[in-house]
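The values are calculated or read from the model by the stated rules, or taken from the named source; none is laboratory data. Since the structure is predicted, the reported quantities are computational estimates derived from the model, not experimental observations. FYI the Cβ positions are ideal-geometry reconstructions off the backbone, even for glycines, and counts take in every protein chain you see. The accessibility values were calculated without ligands, DNA or RNA, using every heavy atom of the protein model including side chains. Shrake-Rupley method; radii C 1.70, N 1.55, O 1.52, S 1.80 Å.
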Amino acid sequence: MTKRINIFDFDGTIAESNLLKTEAFKQCAIEFGDEVADWFVRYHQENGGVTRQVKIEALCQKINNMNLYNDLMNKYERYLSDEWLNCPLLPGFRGYIETLPGVHLILSGGSKSEIEHYLEENHLKQYFKEVYGNPIDKSTNLEVIQNKYLQNDVEVFFYGDSKLDFQLSSKVCANFVFVSGVSEWKPSLIESHQFSMCVEDFIGLI
């Protein structure tokens, strides 16, 4: 019998946290001027799924001051902590995950501990076998998932909202479900034709 494995991104796929994280990154850069702040927001949006460490390092390189790395990281995380747990779920997600067959995993560029806290507070922890997240990057974590879960006779579904999610899904021959509702990625026609499905949220999938 074929086993189904469901891999979910978190930000923008499970929780509507994209705008919050974009604003948090903007607040890190605004003191260096509007031009730098605008550049950093674009960089963040174009690199969805990449860890905050890589993004903050890129900002430090942009302003040519690596000594500010820890201060900027702390500033980002303080801004995030004020609103993180209040981010709503994408419409229909709870109903969908309650009835979805298979093993459910989270693969995120966001903090593993923050995501686990969110799941606990929002009564979602019981639906997920494991959470894979920062400080290990998505690509490395996917290799762990592949070795542990994606052997033998399995059918894989990858739910994501970023280009990185799409690229990673192809590495494991997964059916890619693009969740577009709060995504900051605009896929090309060529890319979109390779999706197994495109949904705004989970209401239509229940």
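Per-structure values
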quantity	calculated
Of all residues making up region 165-206, the number that are of a type in the set (S, T, N, Q), over 16 Å from the mean Cα position of the chain (by Cα) and under 16 Å from residue 139 (Cβ atoms)	1
Residue count, region 115-129 (criterion: within 19 Å of residue 100 (Cβ to Cβ), assigned to a helix (DSSP H, G or I) and open to solvent by 80 Å² or more (accessible area, probe 1.4 Å))	2
Residue match in region 137-148 (condition: polar (S, T, N, Q), modelled with pLDDT of 95 or more and buried (at least 20 other Cβ atoms within 10 Å of the Cβ))	yes
Breaking point among (1) within 30 Å of residue 204 (Cβ to Cβ); (2) surrounded by fewer than 13 Cβ atoms within 10 Å (Cβ to Cβ), for residue 93	(2)
The one condition in (1) within 22 Å of residue 4 (Cβ to Cβ); (2) of a type in the set (Ser, Thr, Tyr); (3) touching a Phe, Trp or Tyr at 6+ places or on another chain (Cβ under 7 Å) that residue 76 fails to fulfil	(1)
Any hit, region 6-25, residues being touching a Leu at 6+ places or on another chain (Cβ under 9 Å) and of a type in the set (Ser, Thr, Tyr)	yes
Options 123, 117; residue that is more than 14 Å from the chain's Cα centre (by Cα) and under 13 Å from residue 15 (Cβ atoms)	117
Spans of strands (runs of 3 or more DSSP E) in region 138-206 with at least 2 residues within 12 Å of residue 12 (Cα to Cα)	154-160, 175-179
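Let's see how each residue does on (1) open to solvent by less than 30 Å² (accessible area, probe 1.4 Å); (2) assigned to a helix (DSSP H, G or I); (3) within 16 Å of residue 48 (Cα to Cα); (4) not basic (Lys, Arg):
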| site | (1), (2), (3), (4) |
| --- | --- |
| 83 | no, yes, no, yes |
| 97 | yes, yes, no, yes |
| 110 | yes, no, yes, yes |
| 113 | no, yes, no, yes |
